[in-house]
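Written out below as C-alpha cells is the structure these notes cover.
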Amino acid sequence: MIFKPQKALVALSALAVLGGCQYSRIETFDKSVPHGWEYVAIKNTPKTQAAPPVTPQAQELKKYTLDAQSLFAIGKSDLSVKGQAQVQTAGGEISNDLPNIRQVNVIGYTDPVGNDSDNQALSLERAQSVAAMLQRSGVPADIIRTEGRGSQDLVVSDCALRFKRDKTGLDACNMPNRRVVISVIGMQPQPGVPTYINSHRNEKAAPQLPSQIKEEVIPAAQ
C-alpha cells in the first residue's frame, strides 16, 4: 500500500473544518445518501435585542384657574377668606398626589387696564400669596415656582374696543383676564414602576428640648 501524503492532508483539513462547525441533519430524497440523511451547517441567527425601556416624560397633570375676584380685593394681593379656602382645596389635592409631582407653577395675571409695570408687580405678588398658602396646605416649597405675567396671555383681548365708554361692562369683560393659574407638572403613574419621593421633604424640624438649648453667658460689664 502506497501512502499518499496529499490525500491525508486533505482528509485532515476536512475533519478540522467539520469539527469546528455545528451541524444538523435534514431529510433528503437522494437515495445515494446513506440512511436518507445528510448534514448541513447551521447558520447563526442574530439574537433579537430587547427594546429599550420607554422613559415617561413630565407633563401637566392638573391645572387650576382661580378667579382673582374671588381671591383678592381690587388692586390687592392679600388673599381673602374665600380665596384662602379655594387655594387650600387645591393644595390638599396636590399634596395627595405628591409622589408623581415634580413642579408646581403659580402664575399671576392681571387685566390690561392701568400701568404695565404696576400690573406686572401686582401679578407677581398675587402669585406669591397663592404659593404661600399652598405651602401651608402641605405642598413643599422646593417644588413651587412663582411668576407674574401682568396682562400677557389675555383670555379676552377686545374688551377695550367693545366697551370704550362702559366702565362696568369693561370691568366685567376683563374678569377672565384677572386670574391665578396653578399648573401641576409631573409623571403619570406607570403600572408596576415604584415612584421615588423624598420622604423627609415634608418633615418639620423637631423642637429642641430645654436640655438641648444652650444658654448664652453674657459677661458682666466692668
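The values are calculated or read from the model by the stated rules, or taken from the named source; none is laboratory data. Just so we're clear, the structure is a prediction, and the values are computed from it rather than from any experiment. Ideal geometry is used to build each Cβ from the backbone, glycine not excepted, and the neighbour counts take in all protein chains shown. Note: accessible area is taken over every heavy atom of the protein model, side chains too, but ligands, DNA and RNA are not part of it. Shrake-Rupley method; radii C 1.70, N 1.55, O 1.52, S 1.80 Å.
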Residue tally, condition touching a residue at least 40 places away in the same chain (Cβ under 8 Å), basic (Lys, Arg) and open to solvent by 70 Å² or more (accessible area, probe 1.4 Å), over the stretch 125-174: 2
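To keep it simple, each residue is scored yes or no on (1) among the basic types (Lys, Arg); (2) more than 24 Å from Leu170 (Cα to Cα).
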| residue | (1), (2) |
| --- | --- |
| Ser70 | no, no |
| Lys76 | yes, no |
| Tyr109 | no, no |
| Gly114 | no, no |
| Ala121 | no, no |
| Met133 | no, yes |
| Arg136 | yes, yes |
| Ile144 | no, yes |
How about the stretch 78-124: which of its residues are part of a helix (DSSP H, G or I), over 17 Å from the mean Cα position of the chain (by Cα), within 30 Å of Pro189 (Cα to Cα) and in contact (Cβ under 8 Å) with a residue 40 or more places away in the chain? Gln84, Val87, Gln88, Ala90, Gly91, Gly92
